[in-house]
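Here is the structure we will look at.
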Amino acid sequence: MGLHLVPIVLPVCLVLSGFAIAMESPHYAVVHSESDFEIRLYGEAFWASALVQRSSFQNSTKQGFHRLYQYIHGANLNSARFPVTAPVLTSINPTTANGSVCYVKIYLTAKSPPQPNSELNLEIEKWTSHCIAEIHQLQKINYPTQLLSTILHVTKLGV
């Protein structure tokens, strides 16, 4: 099985008035867990992806999610609507200068999702199995580089 590691993926949870909203999520297995993060193995699935020029983590996530929200609410070639799903993933691309590009992604429940309207500048991706490091409560982490080093060490061990 070809596993792909996305080392920096930060889930965004939708919370309304202090209560989490139940949403559909892709199936995954937790392959490693620590207090600050867990590594999840996701199976094959479709994801819609928005490339965003990074300003701040919060602004980039909002910009990308806004385009994804339009897509799942009918801005696609079939005018199809999809449920909001969790997690919303924001990944910083470490290969660009200063990590200036990030991707905001949302899981799609459709087995054959329609193409997004071109003005949204989105891509539909079919993932094979992927390992993703979910960082819990990012705003409370004092030493993110140490945490990322731990995540990368765990993944090198073959988790």
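Please verify whether the range 143-152 includes one or more residues that are modelled with pLDDT of 90 or more, surrounded by 14 or more Cβ atoms within 10 Å (Cβ to Cβ) and in a helix (DSSP H, G or I). Don't jump to the end; show me each part of the working.
Taking the range 143-152 first, the residues modelled with pLDDT of 90 or more are none.
No, the range 143-152 contains no residue that is modelled with pLDDT of 90 or more, surrounded by 14 or more Cβ atoms within 10 Å (Cβ to Cβ) and in a helix (DSSP H, G or I).
Might you let me know whether the range 3-14 holds any residue that is under 25 Å from residue 83 (Cα atoms) and either modelled with pLDDT of 80 or more or surrounded by fewer than 15 Cβ atoms within 10 Å (Cβ to Cβ) (or both)?
Checking the range 3-14: at least one residue is under 25 Å from residue 83 (Cα atoms) and either modelled with pLDDT of 80 or more or surrounded by fewer than 15 Cβ atoms within 10 Å (Cβ to Cβ) (or both).
Could you list all residues from the range 48-62 that are closer than 24 Å to residue 75 by Cα and over 14 Å from the mean Cα position of the chain (by Cα)?
So in the range 48-62, the residues closer than 24 Å to residue 75 by Cα come out as 48-54, 58-62.
Scanning the range 48-62 gives 53, 54, 59.
Quick check on residue 87: is it surrounded by 21 or more Cβ atoms within 10 Å (Cβ to Cβ) and on the phi < 0 side of the Ramachandran plot?
Numbers: surrounded by 21 or more Cβ atoms within 10 Å (Cβ to Cβ): yes; on the phi < 0 side of the Ramachandran plot: yes.
It is true that residue 87 is surrounded by 21 or more Cβ atoms within 10 Å (Cβ to Cβ) and on the phi < 0 side of the Ramachandran plot.
Select from the range 52-66 the residues that are touching a strand residue (DSSP E or B) at 6+ places or on another chain (Cβ under 6 Å) and closer than 12 Å to residue 91 by Cα and write down the one among them that is surrounded by the most Cβ atoms within 10 Å (Cβ to Cβ).
Of the range 52-66, the ones touching a strand residue (DSSP E or B) at 6+ places or on another chain (Cβ under 6 Å) are 52, 54, 60-61, 63-65.
Checking which are closer than 12 Å to residue 91 by Cα leaves us with 52, 54, 60-61, 64.
Working: 52: 22, 54: 20, 60: 21, 61: 20, 64: 26.
Out of the qualifying residues, it is 64.
Return the residues of the range 51-82 that are in a helix (DSSP H, G or I), touching a helix residue (DSSP H, G or I) at 6+ places or on another chain (Cβ under 9 Å) and not aromatic (Phe, Trp, Tyr); say none if nothing qualifies.
Within the range 51-82, the subset in a helix (DSSP H, G or I) is 57-72.
Now narrow it down to the ones that are touching a helix residue (DSSP H, G or I) at 6+ places or on another chain (Cβ under 9 Å): 57, 67-68, 70-71.
Across the range 51-82, the qualifying residues are 67, 68, 70.
Regarding the range 37-47, can at least one residue be identified that is farther than 17 Å from residue 125 by Cβ, β-branched (Val, Ile, Thr) and either surrounded by fewer than 20 Cβ atoms within 10 Å (Cβ to Cβ) or more than 16 Å from the chain's Cα centre (by Cα) (or both)?
no
Do you know which residues across the range 41-62 are of a type in the set (Ser, Thr, Tyr) and out of contact with any Phe, Trp or Tyr (no Cβ under 6 Å at 6 or more places or on another chain)? Quick ask: steps written out before the conclusion?
If we filter the range 41-62 for residues that are of a type in the set (Ser, Thr, Tyr), which is where we start, we get 42, 49, 55-56, 60-61.
Within the range 41-62, 55, 56, 60, 61 qualify.
The values are calculated or read from the model by the stated rules, or taken from the named source; none is laboratory data. Please read these numbers as outputs of a predicted model, since none were measured by experiment. Ideal geometry is used to build each Cβ from the backbone, glycine not excepted, and the neighbour counts take in all protein chains shown.
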